[in-house]
1. As a footprinting exposure proxy, order Ile159, Ile107 by other Cβ within 10 Å, with the fewest listed first.
2. What does the C-alpha gyration tensor say about the overall shape of region 133-186? Classify as rounded when a/c is under 1.5, otherwise prolate if a/b is larger than b/c, or oblate.
3. Which ³J(HN,Hα) values in Hz, rounded to whole numbers, follow from the phi angles of region 116-133 under the Karplus curve 6.51 cos²θ - 1.76 cosθ + 1.60, where θ = phi - 60° and Gly and Pro get x?
4. Fewest to most neighbouring Cβ within 10 Å: what's the order for Leu76, Leu111?
5. If I model a spin label as a point 7 Å beyond the Cα along the Cα-Cβ vector, how far apart are those points for Arg74 and Arg105 in nm?
Amino acid sequence: MRPRRTARGDTIADKAKSVAKSVAKSVARPAAKPLPPPSPKVLAVRMLARREYSRAELSQRLVRKGVPKEEVERALDTLAADGYLSDARYAQAMVAQRCGRYGKRAIAHALRERGIAAPDALTAMAPLAATDETADASALWQRRFGTAPVNQREKARQIRFLLSRGYGLSVALRVLRLAGSPAEDDN
């Protein structure tokens, strides 16, 4: 009986021997040394490569990863000096992203929550001073609902929506009044 051959022409026994040799070689190799942990600066750059972060957010994330606070501050100072980290740029990006979908109050709260300093927040919010909040809220309401509420439950739902987006109660009631909601139900 002839020995069985593989597609390359080797016999099955030869193939088994070569597999055994390669397994023996891989077992005999010394284990690779683990890589040293990346520096705080490298970790921060990796995070910033994905999206923009405020200094406070980046600091919290690095400390959570076990990096000592002093090293974090040193790395963030270097990144800020090199222009990779900027709270002013982050604040402007956040305002541009949320403008038209959230009220001024909600945007200011989000900036404070992310640790943006007051001067950077005020500079980023400056373009919003010229906008009409009622018009923005009305456009948002129109995209979301489009028709005046038919009952008190629907009206309350629409008001809650506008309030959750950072608009004041007076702005929300004004939007519904402009949309045709009965004025006597405003109480």
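Taken together, the values in this text are just the output of simple stated rules run on the coordinates, not laboratory data. Treat the numbers as computed from the prediction; the structure is a model and nothing was measured. FYI the Cβ positions are ideal-geometry reconstructions off the backbone, even for glycines, and counts take in every protein chain you see.
1. Taking fewest neighbouring Cβ atoms as first place, the list is Ile159, Ile107.
2. Rounded, since a/c falls under 1.5.
3. For region 116-133, the Karplus-derived couplings read 7, 5, 4, x, 5, 5, 5, 5, 5, 7, 3, x, 6, 5, 7, 7, 8, 5 Hz, x marking Gly and Pro.
4. Leu76, Leu111
5. It works out to 4.5 nm between the two label points.
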